[in-house]
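Colleague: Here it is, the structure in full.
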Amino acid sequence: MLKNKVLEALETRRSVRSYKPDQITEDELQAVLRAGTFAPTARGQQSPFIVAVQNAAMCDQLRRMNAEVMGVTTDPYYGAPTIVLVFVPEDNANGTQDASCVLENMMLAAHAVGLGSCWINREAEMFATDEGRDLMRRMGLPEGLRGVGALSLGYPAAAPSAPKPRKDDYARIIR
């Protein structure tokens, strides 16, 4: 089986659901964000908007909004000190796919620099509300965007668990 650093990163990245409270460094954050900007997008349009939030009050607001959509009182971002949101234009037919590539690139970059991350959902519902649209304006985003997903981002509080075995019929080759 072929081996290299990229393939190893793909096989060893795990979702992290417990973070140390320490904020990540500027270099680490920039590396993750830059990786997101190199994700493939339909027709090379680079339509997603990436917003990293480290402001404690805004992170608390995001935690509350997401928990309300989820119907829980726990922190859907698992205490991560940084929350990275990804938005796309509402009228972009490929927006969800583009944003998904951005999120995956950032998760792999986070793993490569020693950070933990976890894809978080419910941003579509959060930012469809009046409060969400107001928050997007406060973030300096243009009108007409929708949330696709987010990452919790920080230093893992514990070592990740081993991967589950891959199912036997996951990939097929037709020749």
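Read-outs throughout are calculated quantities, based only on the coordinates presented, and are distinct from any laboratory measurement. Since the model is a prediction, treat every value here as computed from it, not as a measurement. Because the Cβ atoms are built from the backbone with ideal geometry, glycine has one as well, and the counts that use them run over all protein chains shown.
Colleague: Would you pull out the residues with amide H under 5 Å of PHE49's amide H, same chain only if 5 or more places away, H placed 1.01 Å from N?
Modeller: The answer is PHE87, VAL88.
Colleague: Size of the dipole of the chain about the Cα centre, Lys and Arg at +1 and Asp and Glu at -1 on the beta carbon, nothing else charged, in debye to 20?
Modeller: Rounded to the nearest 20 debye, it is 720 debye.
Colleague: Report, ordered by chain and residue number, the lysines lying within cross-link reach of LYS5, taken as a straight Cα distance under 23 Å and ignoring same-chain residues fewer than 8 apart.
Modeller: Within reach: LYS164.
Colleague: Mean 1/r over all different Cα pairs, inverted: what Kirkwood radius does region 101-154 give, in Å?
Modeller: That comes to 12.2 Å for region 101-154.
Colleague: Something else now. Order these peptides, 138-144, 162-168, 120-126, 106-112, by their mean beta-carbon neighbour count within 10 angstrom, highest first.
Modeller: 106-112, 120-126, 138-144, 162-168
Colleague: Short version: what are the Cα gyration tensor semi-axes of region 16-154, square root of 5 times each eigenvalue, largest first, in whole Å?
Modeller: The answer is 21, 20, 12 Å, longest axis first.
Colleague: Can I ask one more? Just from its helices, what would the mean residue ellipticity at 222 nm be for the chain, if runs of 4 or more DSSP H residues each count -39500 (n - 2.57) and the sum is divided by every residue, rounded to the nearest 500 deg cm²/dmol?
Modeller: For the chain, the value works out to -11500 deg cm²/dmol.
Colleague: Follow-up. How long are the three semi-axes of the equivalent ellipsoid for region 1-68, computed from the Cα gyration tensor as the root of 5 times each eigenvalue, in whole Å, largest first?
Modeller: Semi-axes, largest first: 27, 20, 13 Å.
Colleague: Roughly how many whole Å is it from the C-alpha centroid of region 87-106 to that of region 8-40?
Modeller: Region 87-106 and region 8-40 have Cα centres separated by 18 Å.
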